[in-house]
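These notes concern the structure reproduced below.
The values are calculated or read from the model by the stated rules, or taken from the named source; none is laboratory data. Remember, predicted model here, so these are calculated numbers, not experimental data. Cβ atoms come from the backbone with ideal geometry, glycine included; neighbour counts cover every protein chain shown.
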Amino acid sequence: MKISNLDKGVINDTARLALWVIDHSDICETIAERRAEQRAQRDALKDQQTEGALPRHHGGGRPALINDRAVLTLMMTLALLEFSIFLKHASALVPYLSKNLIRELGIRSSLTDRARYDAVYRAWVRFADVIDPYPYPKWKRLTKQEYADVLAKRKKTRRQEREETLFWVCNQLLDATVQWAREQCPQAYHELAPIYCIDATPVATWGKQGNGVRSDRVSHNPDAGRYVREGNHHDDGTKSYKAAFWSYEATLITLASLGPKIDFPRISVAIDFDRPGHDVSGHGRRTFESLIERSYQPGWVVGDRAYLPNSKFEKLQIPLRKMGYELCFDYQSNQLGIQDNFGGANLVEGGWFCPSMPKVDFSYISGPTIRVTLDQ
């Protein structure tokens, strides 16, 4: 489907919504501050390396034709329209916007198609440079030696700073969508403790075969990893190309309703990114900590076995309990029944029971049904 096939009214209404989210996320001001800080750090480093040079005061160059606010609005509009999020589509979207909206975004209507695309490209590169924790030349596939040189030059502190910025930006955008949902349907929100569902999903990227062994070049996205739909989603090298694919992994926390009759927006409230299967419990803890920092009310946590109970309890379960969350999860088949005893009490599925309780034998049959036989 082409953008020209869409109704202009739908495009402009969607762009208005995207602009509302961007403005209420407050990310543009922070991005500008972080960019200035990073530029000052680079200039200070260059001044130290160049003896006798005059101090640098700014990056130079003419003012940007398209700013952060405009390019983010265009990209989010594409996402809301369920269009491929490409820069060429973002540039092609501008002629279909109303004159008032173009004026609000600060885009010059006199730009040619080529000049507009170049401006969109430069605006996106400027924005991504502030939040990209894995900088490398994006216009070609690096050789393995070139990639090794890139890794050797990366500074851990700089990567961590950009990871924190990326994490903050993504969650600010989600906060803005929650704010919009509350304004649209305030009756759907209630004072009861919410339920949070946590899971991870692949974010497929370019480079089907990844960093191949036989090739002397790495993938277009060498910092991604192989994703499999089993276990903790990390490929240990034993899976075939049909079962694994090259991607990043997004850890998502989504609101769930307290029952089928309760009208509750099931929207995501926290997100984090990494390679598939890397520090599953750490990313789970980080996303829930961000909810507390953003004044979300603790509630029930529901997750699959990759998070609960397979995570080390000191890394995820105990921190969640200390933050006030209640845990709801399924045990593995070898964790059912009596697991321990203390002072005569039996530990069964996380709870202490009287030793005179009936003996329970759990055995799985086909499907999700569990056969339980009680020996009286």
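Only a single criterion out of (1) surrounded by 15 or more Cβ atoms within 10 Å (Cβ to Cβ); (2) at pLDDT below 95 is not satisfied by ALA15, namely (2). Taking LEU80, is it in contact with a Phe, Trp or Tyr (Cβ under 6 Å, 6 or more places away or on another chain), more than 26 Å from PHE288 (Cβ to Cβ) and either exposed (fewer than 13 other Cβ atoms within 10 Å of the Cβ) or modelled with pLDDT of 90 or more (or both)? It is false that LEU80 is in contact with a Phe, Trp or Tyr (Cβ under 6 Å, 6 or more places away or on another chain), more than 26 Å from PHE288 (Cβ to Cβ) and either exposed (fewer than 13 other Cβ atoms within 10 Å of the Cβ) or modelled with pLDDT of 90 or more (or both). Filtered by the rule that a residue be in a helix (DSSP H, G or I) and charged (D, E, K, R), region 142-164 gives LYS144, GLU146, ASP149, LYS153, LYS156, ARG158, ARG159, GLU161, ARG162, GLU163, GLU164. Tell me whether region 169-185 contains one or more residues that are farther than 20 Å from PHE288 by Cβ, of a type in the set (Val, Ile, Thr) and not in a loop (DSSP other than H, G, I, E, B). No.
Residue check: ALA115 meets all listed conditions (1) surrounded by 14 or more Cβ atoms within 10 Å (Cβ to Cβ); (2) over 23 Å from ARG275 (Cβ atoms); (3) more than 25 Å from the chain's Cα centre (by Cα) but one, namely (1).
Annotation note: Cβ proximity below 9 Å between a residue of region 157-169 that is crowded, with 17+ Cβ neighbours inside 10 Å and a residue that is aromatic (Phe, Trp, Tyr) and not in a helix (DSSP H, G or I) (sequence gap 6+ or interchain) occurs for ARG162/TYR134; GLU163/PHE273; LEU166/PHE273; PHE167/PHE273. Can you name the residue in region 118-144 that is exposed (fewer than 15 other Cβ atoms within 10 Å of the Cβ) and over 21 Å from ARG35 (Cα atoms) and, of all such residues, is modelled with the lowest pLDDT? So the residue we want is TRP139.
Would you list the strands (runs of 3 or more DSSP E) that sit entirely within region 297-346 and hold 2 or more residues that are out of contact with any helix residue (DSSP H, G or I) (no Cβ under 7 Å at 6 or more places or on another chain) and within 20 Å of ILE195 (Cα to Cα)? Walk me through it before giving the result.
On the way: elements: 300-303, 326-328, 338-342.
Result: 300-303, 326-328.
Test TYR121 against the criterion of being in a loop (DSSP other than H, G, I, E, B) and under 23 Å from the mean Cα position of the chain (by Cα), and give yes or no. Quick ask: steps written out before the conclusion?
Values: in a loop (DSSP other than H, G, I, E, B): no; under 23 Å from the mean Cα position of the chain (by Cα): yes.
In short, no.
Have a look at ILE66, ILE102, ILE107 and point out the one that is without any contact (Cβ under 8 Å) to a residue 40 or more places away in the chain and assigned by TED's automatic domain parsing to the domain that holds ILE22. Steps first, answer last, please.
Working: ILE66 fails: without any contact (Cβ under 8 Å) to a residue 40 or more places away in the chain; ILE107 fails: without any contact (Cβ under 8 Å) to a residue 40 or more places away in the chain.
After ruling out the rest, the residue left standing is ILE102.
If you go through region 330-353 one residue at a time, do you hit one that is under 24 Å from the mean Cα position of the chain (by Cα), modelled with pLDDT of 85 or more and surrounded by 12 or more Cβ atoms within 10 Å (Cβ to Cβ)? Checking region 330-353: not a single residue is under 24 Å from the mean Cα position of the chain (by Cα), modelled with pLDDT of 85 or more and surrounded by 12 or more Cβ atoms within 10 Å (Cβ to Cβ). When we screen LYS312, LYS322 for residues that are exposed (fewer than 14 other Cβ atoms within 10 Å of the Cβ) and without any contact (Cβ under 8 Å) to a residue 12 or more places away in the chain, the only hit is LYS322.
Which one is surrounded by the fewest Cβ atoms within 10 Å (Cβ to Cβ), of the residues in region 237-279 that are β-branched (Val, Ile, Thr) and at pLDDT below 90?
Here is the first cut: in region 237-279, the ones β-branched (Val, Ile, Thr) are 238, 251, 253-254, 262, 267, 269, 271.
Cutting the leftovers down to at pLDDT below 90 gives us 238, 262, 267.
Values: THR238: 8, ILE262: 11, ILE267: 12.
So the residue we want is THR238.
Looking only at residues in region 96-112 that are farther than 22 Å from SER25 by Cβ and surrounded by 14 or more Cβ atoms within 10 Å (Cβ to Cβ), the one that is nearest to the chain's Cα centre (by Cα) is TYR96. When region 293-304 is filtered for residues that are within 15 Å of VAL178 (Cα to Cα) and in contact with a Phe, Trp or Tyr (Cβ under 9 Å, 6 or more places away or on another chain), only TYR296 remains. Residue count for region 101-118, restricted to those that are among the aromatic types (Phe, Trp, Tyr) and not in a helix (DSSP H, G or I): 0.
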